[in-house]
Amino acid sequence: MLVKVIAIANQKGGVGKTTTSVNLSACLAELGKRVLLIDIDPQGNSTSGLGINKASIKRCTYDALVNDVPLEDIILDTAVPNLKLVPATIQLAGAEIELVSIMSRENKLKRVLDKVKYSFDYVLIDCPPSLGLLTINSLTAANSVLVPIQCEFYALEGLSQLMKTISLVQKNLNPVLALEGVVLTMFDARTNLSIQVVDEVKNHFRSKVYQTIIPRNVRLSEAPSHGQPIIKYDARSKGAEVYMDLAREVSGDD
Ligand code: ADP
Ligand code: MG
């Protein structure tokens, strides 16, 4: 199987990018895929969500982007077999500005990733909540974009800006970039609003919307503080079940 590089992006914060990155990665690994998760958000929530102690990190995504350090010198093992991580620390916050003056600044991630990506079946990139150079690097390195949308008022607001950015990247930097799919997150079946948002998003994105809808699930919000993906923290939870479903849908292993 040829490697697929998927950027998990939405410039809105708190929509489920990191939760989806960590758990989809772990579930794909559970299905036997070789997975690399790249944390490119200075907040490093995917990194701590996988139980990596930030104080122990010697090199992170920053070094790959700004100092051309090969990813093989940065990649860490995680507690999940088959799942490896390129960690992020707050140092990465400087990259957004430092990259501005660097040649082919939009291609930095692609160039380092191209050297290691064929060792994996999936590479997922957890993007920051902005459309700056870190997200542009992710979209340039990716084959496709997976967009988490929170089932909340204003769910679709700002998405036209994301779509515009995707088409600019297609035009100028990465012609093969595709929309992988849209995943609805934090669905609450008890509210009309959630149901309305699902309808609206399906009307807009049609067949691009995954059948699997991620409900609000307390176990999913607890897992990061234990440094574990949901399938390790509570394999019997609803959250584990739905992210396994999503992994099957994304990989086509139904
Ligand atoms: P982003 O990376 O887009 O900023 P996160 O994945 O960090 O979003 O999610 C924002 C917050 O919502 C986090 O505290 C996370 O634990 C919580 N959360 C995300 N998805 C769910 C869910 N399905 N059920 C309950 N809490 C969730
Ligand atoms: Mg995040």
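The values are calculated or read from the model by the stated rules, or taken from the named source; none is laboratory data. Computed from a prediction, not measured in an experiment: that's the story for all the values here. Note: ideal-geometry Cβ built from the backbone for every residue, glycine included; neighbour counts use all protein chains shown. Ligands, DNA and RNA are excluded from the accessible area calculation, which covers all protein heavy atoms including side chains. Shrake-Rupley method; radii C 1.70, N 1.55, O 1.52, S 1.80 Å.
Listed values, structure above:
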quantity	calculated
Boolean, K54 is within 16 Å of ligand 2 (Cβ to nearest atom) and surrounded by fewer than 18 Cβ atoms within 10 Å (Cβ to Cβ)	yes
Out of A88, A79, A95, sole residue that is assigned to a loop (DSSP other than H, G, I, E, B) and surrounded by 20 or more Cβ atoms within 10 Å (Cβ to Cβ)	A88
Of all residues in the stretch 33-50 being open to solvent by 50 Å² or more (accessible area, probe 1.4 Å) and over 13 Å from the mean Cα position of the chain (by Cα), the one that is nearest to H226 (Cα to Cα)	Q43
From the options S130, S144, residue that is closer than 19 Å to T20 by Cα, of a type in the set (G, A, S) and within 14 Å of ligand 2 (Cβ to nearest atom)	S130
Residue in the stretch 19-49 that is farthest from ligand 1 (Cβ to nearest atom), counting only those that are β-branched (V, I, T) and either at pLDDT below 95 or more than 16 Å from D77 (Cα to Cα) (or both)	I40
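Each row is one residue, and each column tells you yes or no for (1) modelled with pLDDT of 95 or more; (2) touching an Asp or Glu at 6+ places or on another chain (Cβ under 9 Å); (3) more than 21 Å from L2 (Cβ to Cβ); (4) open to solvent by 50 Å² or more (accessible area, probe 1.4 Å).
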site	(1), (2), (3), (4)
D126	yes, yes, yes, no
L133	yes, yes, yes, no
Y154	no, no, yes, yes
E157	no, no, yes, yes
T165	yes, no, yes, no
L177	yes, no, no, no
Q196	no, no, yes, yes
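Listed here are the residues, each with its yes/no results for (1) farther than 21 Å from S46 by Cβ; (2) touching a residue at least 40 places away in the same chain (Cβ under 8 Å).
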position	(1), (2)
Q211	yes, no
I214	no, yes
L220	no, yes
P224	no, yes
I231	no, yes
A235	no, no
G239	no, yes
R248	yes, yes
G252	yes, no
